[in-house]
Amino acid sequence: MLLSDDAPQQCIIKGRAAAHYSFNKGTSTQDYPGSLMGSIALLRQTYLDAKWYEQSKGKTTYNLSLDSWNGLQSLPQIFDAGDKQSVLRADKIGDEFGIQYIFKTQNDAYQRLSDIKTTNASLIVPINLPDAYDLENPLDAANVDLSDMMHWEQAASNLSMLEKANINFAITTNGLKNASSDFYKNLRLAIKRGLTKETALKALTATPAALIGMNNELGSLENGKIANFIVASGDIFDEKTDLFETWVNGKRYNQKPIETVDLRGKYRFTVGTQTYNLGVKGDKDSDAEGEIVQISGKDTTKINVKIALAEQNLSISFMPNPKDSTTNNKTIRLSGWTSPDGKEWKGTGQTANGEWINWNASQTETYKPEEKKDEKKDDKPEELGVVKYPFNGYGWTEMPKTETVLFKNATVWTNEKDGILQNTDVLIKDGKIVQIGKDIAAPAGSKTIDATNKHLTCGIIDEHSHIAISAGVNEGTKSCSSEVSIGDVVDAEDINIYRQLAGGVTTSQLLHGSANAIGGQSGIIKLRWGASPEKMKLENADGFIKFALGENVKQANWGDNNTIRFPQTRMGVEQVYMDYFTRAKEYDQALKGTASAKKGTETTPVRRNLELDALAEIINKKRFITCHSYVQSEITMLMRVAEQFGFRVNTFTHILEGYKVADKMKEHGVNASSFSDWWAYKYEVIDAIPYNGAILHNMGVNVGFNSDDAEMARRLNQEAAKAVKYGKVSEEEAWKFVTLNPAKMLHIDNRVGSIKIGKDADVVLWNNNPLAIYAKPEKTFVDGICQFDVEQDKKLRQTIQDERNRIAQKMLKAKQGGAATQDAAPHRQHLYHCNDHQTGTQTDYYSEGDDSEEH
């Protein structure tokens, strides 16, 4: 059995249903949800609503939707998750609410096999293999990502890899352009790549029956089960096998007549008084090809004989004198039957003159297939690339492990009271900095790096980043989207992770955009290249959330078709904050009142509200605000709102008019994460100056510089240097603008931001003073693992070139062999910024990344 191609919310199969979920988004800037993280939040809120409704029965109004939802929870839960990373995202939701989903996937699970195995989920897997790219034009070929080329080559191995990993799966026709022709063809290729026929058959029968709870009636040939089966001429995975019959509920549907007799061979063929030598060949499963050979002296005459067989009934016809072109040359027609073994034939018929006669044939020699000459089988195994983590040219073939490394004789920028130390050794072990000093002895089994004339620093921390985010940086469909979280949509495959490691970045705060006054929760990640999305997140980090002020929030720059969402003015932005924090305060008090109610007291449960949960955490100082800001009046406004509700704003980001209110910011206790020298890129930054960071720093405000841009993050060291130029900040303090100071903003300075014994071994070895324009990272370590090495990078570039050429030649050969192809169209990655508010599918505006050689 095959599971439905297009499952509705309930898939009914003989009275049995399966609840169906998927990540869907709105199609305009007004439709909620407008992002993947919005879809996840909506699903999470629905589960909470359903639980509250069940607990409140009899105490609240009847809700048809929630009542039906609760009624479906006992059914198998099928989640159309999509790609490999969304399987992991959906599984996290299932874990939160105690649900084991069955995941409908794409055919890319092999790219995150170990992570998907940890979900303990069964999968419904398509076998829609990608077409080769048409790469005959080398300039067009440059448009194709290596990751897409790798997937073309390796996708057919997906099922065999799942089998070897002992992951339970069923197979679906979903996604096939032409199921009738492609299904078995692709399945046979999967078998050629290592999928066993036993598992393939199980994935088409027993497994789908078990997944929908119908294995007591379907999925195997056993007494008492429904008579659903097929009859074939042989192994159903063999290309030459014919399907004869399909039985459904005990009713037969004939696909092709069953022929059990092989007529091929040589016969003594007697028709009336004339005897011939008859040879029969051809395909035993189709009408046989007969030929009579007559030899008279030097002349040889061949007579074609038509033979048709239907359930041992024979029909034969031939013209006895093929060389006679007159009307006297007429057809002899014979009818009869064959013995069960096909070796004896007999019957009656009519001659060319209409005379009735008897005829018979006896086999004199069994059929011997002709040997095909010059047919050589290529037994050489197919050359395949290896799976990389992440799945692109710069990925790992094996995930790296932490090392014990001794850096000798470096110039060490500690960011501590010791300052910059000359000719100093640093030892890292087990992911931590364990020793700093002179003449440290190398432990047994350690690696020693000569850092003479080089500089060792802690890793750069980008307080404001939008890399590594899947399918939307903004949930801008409403004024408050505090229920959504960037942490739910971390994209571990983004090539910008690797590029920023090449620039010395080791930690980033992934922020929601600035489309609304109250945005989404942020995600703080370590740049652990190749790790799963969850493993990239910084463990036990405080919760942060993005707020925004100004033009983006009031939709001044969204165009004429987006002028209906509240607020449309700066004063309206303030009212949004007042309204939502007032509601959050009342909500928090209601939650605390229910929790403190005396045992045995009957109370109506408070409906959990994820939107207000996040805002209540701010009031209770458990979640902290990073606010997109420009204009001084709004900066002071938000500080007043915060003080009115008893908390403080944690960080103003951008803060380009911060120099005007530096004293007020110092008094409030807020951090400033600014640009180094951006100005005049829109009207509300008309008063920005490059001395902003230095002025705030001199006032005693904790100042950092951020990127807000995938490309700029690769050179944040140079952004820090601008604080020396604009304002004469010392080099040591300027370096803290992109290291220790943002660590303080994110409340992680106990772990990162300086070189200190006991802190995480997030260190960068530079070839020069890190503030110099000539400085380049030679090695970047995260948790004691070398995530970037400039020499290894050179080797990877050559490997990428070789691999592209190898697969390109393979695609060209496939095209020459008649394989379908697709255009080598440009595939550009969308780099998110604060004001992006696209909606639609991920592929409308987002690429998983490419393998450009640039960093």
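Read-outs: derived from the displayed coordinates by stated rules, not from any lab. In this text the structure is predicted, and so the values were computed from the model without any measurement. Neighbour counts run over all protein chains shown; Cβ positions are idealised from the backbone, glycine included.
Some points to look at:
- On the beta carbon distance between residue 317 and residue 215, with R0 = 41 Å, the FRET formula returns roughly 0.20.
- With the simple model of a label 7 Å out from the Cα in the direction of the Cβ, residue 251 to residue 633 spans 7.6 nm.
- Taking each residue as 0.36 nm, the span from residue 575 to residue 57 lengthens on full extension beyond its C-alpha to C-alpha distance by 182.9 nm.
- The count of lysine pairs in the range 122-241 that are at least 8 places apart or cross chains, and whose C-alpha atoms lie under 26 Å apart, stands at 18.
- Between residue 452 and residue 206, the contour length at 0.36 nm per residue exceeds the alpha carbon distance by 82.1 nm.
- Candidate lysines for bridging to residue 621, where Cα separation is under 23 Å - those fewer than 8 sequence places away on the same chain excluded: 537, 546, 585, 592, 664, 666, 744
- 11 Å beta-carbon shell around residue 758, net charge (K/R +1, D/E -1): +3
- FRET efficiency for residue 417 and residue 698, using Cβ-Cβ distance with R0 set to 22 Å, rounded to 0.05: 0.60
- Taken along the Cα-to-beta-carbon direction at a fixed 7 Å, the label points for residue 768 and residue 622 span 4.9 nm.
- Label point at residue 142 placed 7 Å out along Cα→Cβ; residues across the range 793-831 whose backbone nitrogen lies under 19 Å: 797-809, 823-829
- The relative contact order of the range 710-804 comes to 18 percent, based on Cα pairs under 8 Å that sit 6 or more residues apart.
- A crude spin-label estimate for the pair residue 335 and residue 825, with each label 7 Å from Cα along the Cβ direction, gives 6.0 nm.
- Pairwise FRET efficiency - residue 196 versus residue 357, Cβ, R0 = 56 Å, nearest 0.05: 0.50
- Descending Cα extents along the principal axes, the chain, whole Å: 123, 74, 56
- Burial order of peptide ranges 479-489, 728-738 (average beta-carbon count within 10 Å, highest first): 479-489, 728-738
- Subtracting the Cα-Cα distance of residue 72 and residue 783 from 0.36 nm times their residue separation leaves 251.5 nm of extension gain.
- Estimated translational D of the range 209-312 in µm²/s (Stokes, Kirkwood radius over Cα pairs; 20 °C; 1.002 mPa s): 122
- The range 394-500 - percent relative contact order, Cα under 8 Å, separation 6 or more: 24
- A Cα-only calculation for the range 600-731 places Rg and Dmax at 18.0, 68 Å.
- Estimated D of the range 716-835 in µm² per second, where Rh is the Kirkwood radius over Cα pairs and Stokes-Einstein applies at 25 °C, 0.890 mPa s: 132
- Counted charge near residue 442, where neighbours are those whose Cβ lies closer than 12 Å (Asp, Glu -1; Lys, Arg +1): 0
- For the range 451-567, the Stokes-Einstein estimate of translational diffusion at 37 °C and a viscosity of 0.692 mPa s comes to 213 µm²/s, using the Kirkwood hydrodynamic radius over alpha-carbon pairs.
- Zone residues, the range 610-640, relative to residue 664, backbone N less than 17 Å from point 7 Å out along Cα-to-Cβ: 627-640
- Helical contribution to [θ] at 222 nm, DSSP H n ≥ 4, -39,500 (n - 2.57), averaged over the chain, rounded to 500: -7500 deg cm²/dmol
- Annotation: peptides 705-715, 132-142, 519-529, 635-645, ranked by per-residue average of other Cβ atoms within 10 Å with the highest first, follow the order 519-529, 705-715, 635-645, 132-142.
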